[in-house]
Amino acid sequence: MAQLFTPFTQRGITLKNRIVISPMCQYSAQDGLSNDWHLVHVGSRAVGGAGLLLLEATAVAPEGRITPDDLGIWHEEHLPGLRRMVEFLKSHGCVPGIQLAHAGRKASHASPWKGGHQLGPDAGGWSTVAPSALAFAPNETPPLALDEAGILRVTEAFRAAARRAVAAGFEVLEIHAAHGYLLHQFLSPLSNHRPDAYGGSFENRARLLLEVVAAIRTEMPLHLPLWVRVSATDWTEGGWTAEDTVRLALLLKENGVDLLDCSTGGNVATAPIPVGPGYQVPFAEQVRRCTGLATGAVGLITAAQQAEHILATGQADVILLGRESLRDPYFPLHAARELGVEVAWPDQYTRAKSRL
Ligand SMILES: Cc1cc2nc3c(=O)[nH]c(=O)nc-3n(C[C@H](O)[C@H](O)[C@H](O)COP(=O)(O)O)c2cc1C
């Protein structure tokens, strides 16, 4: 039996296979509200046979949106749209998950196809916040450094978002602590120059993430898994390292986190990243081997045999698919055929399952 199609159980939740749709911003919301695009986008991937879909980075506070077009979960009015997606995913055997996010200094930008530049208040943007008043790029307006009350508001925003996510029916919650967004900004010594209890030592830089984990865990029933996505390295001298990630993984494991989703980069605009097939997989492998925490591998995984090899060699527990799933929403059904595994197709499509 191909590993890719073995079930994966954490706490009380079972994925029917190891294929997870990686969170991918659609930049298609208004005031954080989802619409038909989001339902069709996530629905297609559920029909395509994924075991779990992690909904895109969903902002826990309006000022935490990367763009004005991000999904949000800072208000009860976001819930009906989210519930509609959750119900559709569940009805097709795909576990609904959501990534909870705050962009920090990388907030208030135009969506990629609108230019991707920083937006000032006169262009529909807002003031951004971060651990320190350090801009991401030299041409950008620096963020405001959060004071302790501001940090507490961030933790409470994640807590309230988790409560809403559970109320909406999501069964896996992922904290976005990667790609140079707020929690990563706290972790990395390159973006965190704070002199207080949230900066300086490794323990201090990890403090906010651990407080967010604790707050979210108190809102989640024990049978639901909590995942964290990190950037396992800044790919930059003096930045966050793979060794830091292993150390963090041990702390997360002790504090109720069930899986580390191992991405990289995003906190340094000019970092030299050696992009290539499966280039981030070694980080997932290192964390899994050194800590025993379950891991997710992501990044340029594009073929069934490649995904199968990663699992069969014990490098990760699940495979997250990003762009390949945009190219082929039915990747899981196609991968099953390629690996010789019998999986159910949606009733409506069974006449197309056999090529004869
Ligand atoms: C359109 C698009 C949107 C993305 N949005 C998010 C996001 O919301 N949260 C996140 O953690 N990563 C996001 N990513 C990164 C992906 O989840 C994934 O980590 C990355 O694309 C590498 O995997 P891939 O090579 O399979 O695409 C996005 C990537 C793409 C292409």
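Just so you know, all these numbers are worked out from the coordinates, no wet-lab data involved. Given the structure is predicted, the values throughout are model-derived calculations rather than measurements. As a convention, Cβ positions derive from the backbone with ideal geometry for all residues, glycine included, and neighbour counts pool all protein chains shown.
Kirkwood hydrodynamic radius for segment 18-133: how many Å is it when counted over pairs of different Cα atoms? Present the calculation step by step, with values, prior to reporting the outcome.
Values: mean 1/r = 0.0686 Å⁻¹.
About 14.6 Å for segment 18-133.
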Exercise for review: Once you have all Cα-Cα distances for the chain, histogram them in 20 Å bins from zero and send the whole-percent values.
Suggested key: 32, 60, 8, 0
Check your understanding: Which value, in debye to the nearest 20, describes the size of the charge dipole of segment 3-344 about its Cα centre when Lys and Arg Cβ atoms bear +1, Asp and Glu Cβ atoms bear -1, and nothing else is charged?
Key -> 440 debye
Review point. How many percent of all Cα-Cα pairs in segment 63-181 sit more than 24 Å apart?
Key: 34 percent
Check your understanding: Could you give the nm distance between label points at residue 39 and residue 9, where each point is 7 Å from its Cα heading toward the beta carbon?
Key -> 3.4 nm
**Study point:** Net length gained if the chain between residue 91 and residue 152 were fully extended (0.36 nm per residue, minus Cα distance)
**Key:** 18.2 nm
Study note, to complete from the structure: Full extension between residue 279 and residue 355 adds, at 0.36 nm per residue less the Cα distance, a length in nm of 23.9 nm
Check your understanding: So what J values fall out for segment 131-140 if you push phi through Karplus, 6.51 cos²θ - 1.76 cosθ + 1.60 with θ = phi - 60°, rounded to Hz, Gly and Pro as x?
Key -> x, 9, 7, 10, 6, 5, 10, x, 8, 9
Point to revise | Candidate lysines for bridging to residue 106, where Cα separation is under 25 Å - those fewer than 8 sequence places away on the same chain excluded | key: 114
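If exposed chymotrypsin sites (Phe, Trp or Tyr not before Pro) are those in a DSSP loop with at most 15 other Cβ within 10 Å, what is the longest stretch of the chain that has none?
127-278
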Point to revise | Cross-link partners of residue 90 among lysines (Cα-Cα below 21 Å; sequence separation of 8 or more within a chain) | key: 16
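Exposed loop sites here are trypsin sites (Lys or Arg not before Pro) in DSSP loop states with at most 14 other C-beta atoms within 10 Å. What is the longest stretch of the chain lacking them? Please report the intermediate quantities before stating the final value.
Details: sites that count: 353, 355.
The longest such stretch corresponds to 1-352.
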Exercise for review: Considering only DSSP beta bridges where both residues belong to the chain, give the percentage that are antiparallel (nearest 5).
Suggested key: 10 percent
Practice item. For residue 83 paired with residue 31, estimate the spin-label separation in nm (one decimal), with each label point 7 Å from Cα along the Cα-to-Cβ line. Key: 1.8 nm
Practice item. Would you mind checking the radius of gyration and Dmax of segment 1-47 based on alpha-carbon positions, in Å? Key: 14.4, 45
Study note, to complete from the structure: Answer in debye to the nearest 20: the dipole magnitude of segment 197-356 about its Cα centre, from +1 Lys/Arg and -1 Asp/Glu charges placed on Cβ, is 340 debye
Exercise for review: Return the aspartates and glutamates within reach of residue 353: Cα separation strictly under 17 angstrom, same-chain partners fewer than 8 residues apart disregarded; answer none if there are no such residues.
Suggested key: 328, 338, 342
Practice item. Kindly list the residues of segment 33-64 that lie in the label zone of residue 75, defined by a backbone N under 15 Å from the point 7 Å along the Cα-to-C-beta vector. Key: 33-35, 59-64
